[in-house]
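Chemist: First the structure, then my questions, so here it is.
The values are calculated or read from the model by the stated rules, or taken from the named source; none is laboratory data. Please read all numbers here as calculations on a predicted model, not as lab measurements. We place every Cβ from the backbone using ideal geometry, glycine too, and count neighbours over all the protein chains shown. Ligands, DNA and RNA are stripped out before the accessible areas are found, and what is left, the full protein with its side chains, is counted by its heavy atoms. Shrake-Rupley method; radii C 1.70, N 1.55, O 1.52, S 1.80 Å.
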Amino acid sequence: MPTLRKIRYVFAKTGVRAPLVWARHRNFRPSDAFVGSYPRSGSTWLRFMLLEILAGQASGFSNTNEMLPDVGKHQSGAPVLPGNGRLIKTHERFRAEYAKSIFLVRDPRDVALSEFAFHRALGLADDDFDAYLEQFLRASVNPFGNWMSHTNSWLDAADSGRAEILLVNFEQLKRESQPELERIVDFLGMPEVKERIPAAIENNSLARMKEKEKATPQRTSAKGRFIRSGSAGGWQSTLTAGQAQLVQQYAGSVLARLGYSAVESLEGQLA
């Protein structure tokens, strides 16, 4: 299985997947909305909370993935939005089909560390983080391109008015969960469900999320954790000065565009 997974991983980063991506982006409804993000940016946590808020039921891996599914599996998604709309997850770069979307963004320095741990647990990366970080920045470590081009595709679409996109910052969502979730449900046209927000936050704390993974192990659960620390600014105690400079070299303009500082500590703000 690991060998097959590696082969699929290699091919997924080539143009071979283009027809599959096209096939997945069919049969949407005008009332559908999307949750877009680069991998390891917190979309699982956000969808767990949104399922409880929008559908009024306890969230777990199985029912969240079924009711708020990945793009391509959306035919059976639950009509949790007005007009029988579905809330659909995607890690793809922005596409014209994503007319109404939440775009969840996270500091790429934390994303790179989380993606590295995830790929190591799957046997898709060795222990050389320096080489992995260069690939993360210069090429791609997954089928969705590098973090900069992926993020810019969504920000450019929002700035140009090509789509209705709500930008949600992972760190802000951690720091001020209640108002951020209120902003999201307003965007989705469901202000009447705001009373469910406090319970959804409590039911999906980091400890509760880890309990849910223990009850329903994910692909990485044997060698690592799908739900990791969920840190905001954790890169500051992990990346070397050289690694941080490399990120600044390649991603500095996008970091600035999003308001991420190159050196300012986030830990005090997010405690």
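Chemist: Excluding ligands, DNA and RNA, what is the solvent-accessible area per residue of the stretch 139-204 at a probe of 1.4 Å, expressed in Å²?
Modeler: Ligands and nucleic acids excluded, the result is 42 Å² per residue.
Chemist: Name the residue, out of 174, 100, 214, whose mean-square fluctuation peaks in a Gaussian network model built on the chain with Cα pairs under 10 Å.
Modeler: 214
Chemist: Given axes a ≥ b ≥ c from the Cα gyration tensor, I'd like to know whether the stretch 102-215 is rounded (a/c under 1.5), prolate (a/b larger than b/c) or oblate.
Modeler: Here the stretch 102-215 falls in the oblate category.
Chemist: For the residue pair residue 26 and residue 62, what label-to-label distance in nm results when each label sits 7 Å from Cα along the Cα-to-beta-carbon direction?
Modeler: That separation, rounded to one decimal, is 3.0 nm.
Chemist: In addition: Between residue 70 and residue 182, what FRET efficiency comes out of the Förster formula 1/(1 + (r/R0)^6) with R0 = 22 Å and r the beta carbon distance, rounded to 0.05? List each step's numbers first, then the result.
Modeler: Details: r = 26 Å, r/R0 = 1.18.
That gives a FRET efficiency of 0.25.
Chemist: Could you work out the relative contact order of the stretch 87-167, using alpha carbon pairs under 8 angstrom and six or more residues apart, expressed as a whole percent?
Modeler: 49 percent
Chemist: Taking only the C-alpha atoms, wrap a convex hull around the stretch 15-95 and report its volume per residue in Å³ as a whole number.
Modeler: 95 Å³
Chemist: Here's another thing I want to ask about it. Distance cut-off 24 Å, Cα to Cα: go down the list 73/212; 89/174; 100/214 and report the pairs above it. Write out the running numbers ahead of the final one.
Modeler: Numbers: 73/212 22 Å; 89/174 20 Å; 100/214 34 Å.
Distance filter (> 24 Å) returns 100/214.
Chemist: Another question about this same structure. Under 5 Å between amide H atoms, partner at least 5 residues away or on a different chain: which partners does residue 34 have, H built in plane at 1.01 Å?
Modeler: HN-HN under 5 Å from residue 34: 88, 100, 101, 102.
Chemist: Between residue 162 and residue 201, what length in nm is gained on full extension when 0.36 nm per residue of separation is reduced by their alpha carbon distance? Write down the numbers at each step before the final one.
Modeler: Working: separation 39, 0.36 × 39 = 14.04 nm, distance 3.19 nm.
Value of the extension gain: 10.9 nm.
Chemist: Could you calculate the contour length gain from residue 211 to residue 236, that is, 0.36 nm times the residue separation minus the distance between their Cα atoms, to one decimal place in nm?
Modeler: The span from residue 211 to residue 236 would gain 6.3 nm if fully extended.
Chemist: Using DSSP H assignments, which helices in the chain have an axial alpha-carbon span of 18 Å or above and a mean Kyte-Doolittle hydropathy of 0.0 or higher?
Modeler: Those that clear 18 Å and a mean of 0.0 are 241-258.
Chemist: Here's something else I'd like to know. What whole-number distance in Å separates the alpha-carbon centres of the stretch 79-124 and the stretch 30-71?
Modeler: When both Cα centres are located, 10 Å separates them.
Chemist: Starting from the Cα gyration tensor of the chain, multiply each eigenvalue by 5, take the square root, and state the resulting semi-axes largest first in whole Å.
Modeler: Three semi-axes, in Å: 27, 22, 20.
Chemist: Further question: So how much slack lies between residue 248 and residue 175, counting 0.36 nm per residue of separation and subtracting their Cα-Cα distance, in nm?
Modeler: Gain in length upon complete extension: 23.9 nm.
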